[in-house]
Every structure is written in C-alpha cells, then in structure tokens.
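Colleague: Handing you this structure, nothing more for now.
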Amino acid sequence: MRQRELQFPGCGETRLSGQAWLPDRDPHAVVVVSHGLGEHGGRYRALAERLAASSHLAVYVLDHRGHGRSQGPRANIDRFEYLVSDLGTFIGRAQREHPGASVFLVGHSMGGLIALACALKYLGTLHGLVLSAPALAAGQAIAPLKLAMVRLLSRFSPGRGVMTLPASAVSRDPAVVGAYERDPLVHHGAIPARTVAELLKAMAEVRSHVGELRVPVLIQHGSADLLVPLAACQPVYQQLGNARTRTLLVYDGLYHEVYNEPERDRVIGDLEKWINSRR
C-alpha cells in the first residue's frame, strides 16, 4: 500500500489538501471520503488503510476548506456551494487517476450533507453513495430568535463562534475521544456563525431534493448518536432515492462516529460488503 499527499486549488483558488491510500495492485473502485465538521481527513487513516489493504480500493480523503491542512479560517466554510464544488473537483481528480474504476463517495456528518449535495448535482458520476450519520436535519428545533441571530452574525460577524461540539459525543471509545481532544488539526473552538447558517440553509435545500437521488445509497447511523440524532434524520431517509436502492443500517447503542466505535470492525465490514457487491 502507498500513501500520497495531495494539493490542489479549490473554489476561489483556495489551496486544498488531501491524501490518498493506494493498494498494491490496480484498484477496481475508488472511494472518496468527505469528513465532518471541525475535523480533518487524516482521522480516516485507519478506515482508508483497511479498505486499501483488504478490498484493494483506492481511497482519497479531502480536507475541506477551513479544516485540517487546507487553507481558510478555521471551521469557516464561507459558502456551502464552495464545499460542493471543491468535492466535485476532488472526485474528478480521483477519476482521472483511475480511469474506468467505479467511484463511491463516503460522507460523514457535515461531509454526508456535502456528499449528498454533490451526488444530486453531478448525477451519473457515482456508482454508490455512503452516508455515515449525515447532517441532514438539526437535532432540535432552533428557536426563531436564535436562528435570526445566527443569520445576522453570519452576515456581519461571520467568524463569531456560536456553538461547540462535545468531544465525548463522537465515540464510546476513550482512546478515540482522547486522540480527538489532543489533535491539533481538529478545531476545538466554537463553530463560526457563517458555517452554522450555511449548513442549516443547505439542510433545507438538500432535503427538498432527496427524492431525486438516482444512485444506490447506504446509510450507517448509531442509535445513540447525540450530535446527529437518528430520530431527526429518519423521515429524510425514507424519502432518499427509492426503497430498492436504499439500505439503512442502524447500530444499536453506537455514537456519532460509527467507524471509530468499539464495534468498528463490523461497521466497516458492512461498508466493504456493500461496496464490493456493487463494483
């Protein structure tokens, strides 16, 4: 297996970083990973190494703008459509490096929202879409006054922090939580108002088009997820594509990052089987 560092210009000439894990033989499929809010692509190293080693898949992981080693104010995405464009460019690069290979897109949390928007925008590009606890709905109804304040700050003070993500909610594995808390590339401060406002707007927009999805989709979600509660997303899942091409796997008692839970071997195994059955 080989690992490569990638650099490329994103929307507005923002310099973006990524990584690729390549198997020792020509891959039959490419997996592109879109990470969650505040984190970075390097946290998917174990997932990428397993997919490359056991299933001989080429795995490409992007650092979204404002995240990881990519340019931009920390955790400030600026405009949601920039993320979708950046991811589309990254997918295109992976396709050009492996012509003829099937392409699968895996998105976690915020990255799942971006991945779904990308799949809807670039119809016919993907062979499969995987959503890990995608941020498709807010966990609780946001009071109109608070929403108005977030929108106001997004316009006039976009970098002002308005919400935080508790590290304890990402996984039941203390080692994962500890590594997350010590990781200098993880954004540990409050999430900027611009990012929150853009994501809430994107959730509403994407939800209105989920029935248009025409690619097979696998959804993996922990029943004890506190960051993106399953109950908030289930109504959206029922409208996603059609029942024949939609697979929903709910893992009892698992937290937000199902690929980083103690049961990760089973969860990643389910992902591998789903991808391999559709190559």
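Colleague: Looking at (1) buried (at least 19 other Cβ atoms within 10 Å of the Cβ); (2) over 18 Å from Gly72 (Cα atoms); (3) touching a Lys or Arg at 6+ places or on another chain (Cβ under 8 Å); (4) at pLDDT below 95, which is the only condition Leu123 fails?
Modeller: Unmet for Leu123, out of (1) buried (at least 19 other Cβ atoms within 10 Å of the Cβ); (2) over 18 Å from Gly72 (Cα atoms); (3) touching a Lys or Arg at 6+ places or on another chain (Cβ under 8 Å); (4) at pLDDT below 95: (1).
Colleague: Something else now. Could you check, for the range 238-249, whether at least one of its residues is assigned to a loop (DSSP other than H, G, I, E, B) and under 12 Å from Leu131 (Cα atoms)?
Modeller: Within the range 238-249 (the criterion being assigned to a loop (DSSP other than H, G, I, E, B) and under 12 Å from Leu131 (Cα atoms)), the answer is yes, since at least one residue qualifies.
Colleague: So in the range 23-50, with the set limited to residues that are over 24 Å from Ile114 (Cα atoms) and of a type outside the set (D, E, K, R), which one is surrounded by the fewest Cβ atoms within 10 Å (Cβ to Cβ)?
Modeller: Top of the filtered list is His28.
Colleague: Filter the range 51-73 for residues that are surrounded by fewer than 24 Cβ atoms within 10 Å (Cβ to Cβ), part of a loop (DSSP other than H, G, I, E, B) and over 17 Å from the mean Cα position of the chain (by Cα) and give the result.
Modeller: Passing the criteria: Ser55, His56, Gln71, Gly72, Pro73.
Colleague: I'd like the residue in the range 247-262 that is of a type in the set (D, E, K, R) and surrounded by 17 or more Cβ atoms within 10 Å (Cβ to Cβ) and, out of all such residues, is nearest to the chain's Cα centre (by Cα).
Modeller: Filtering the range 247-262 for residues that are of a type in the set (D, E, K, R) and surrounded by 17 or more Cβ atoms within 10 Å (Cβ to Cβ), the one nearest to the chain's Cα centre (by Cα) comes out as Glu257.
Quick grid of which residues meet (1) farther than 27 Å from Ser102 by Cβ; (2) at pLDDT 95 or above; (3) buried (at least 20 other Cβ atoms within 10 Å of the Cβ); (4) more than 17 Å from the chain's Cα centre (by Cα):
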| site | (1), (2), (3), (4) |
| --- | --- |
| Arg207 | yes, no, no, no |
| Gly211 | no, no, no, yes |
| Arg214 | no, no, no, yes |
| Val217 | no, yes, yes, no |
| His221 | no, yes, yes, no |
| Ala224 | yes, yes, no, yes |
| Leu230 | yes, yes, no, no |
| Gly241 | no, no, no, yes |
| Arg244 | no, no, no, yes |
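Colleague: Something else about it: Just to verify a result, which residue in the range 25-50, among those that are part of a loop (DSSP other than H, G, I, E, B) and touching a Lys or Arg at 6+ places or on another chain (Cβ under 8 Å), is farthest from Ser109 (Cα to Cα)?
Modeller: Looking at residues that are part of a loop (DSSP other than H, G, I, E, B) and touching a Lys or Arg at 6+ places or on another chain (Cβ under 8 Å), I get His28.
The values are calculated or read from the model by the stated rules, or taken from the named source; none is laboratory data. These numbers were taken from a predicted model, which means no experiment stands behind them. Cβ coordinates were reconstructed from backbone atoms using ideal geometry, including for glycine residues, and neighbour counts include every protein chain displayed.
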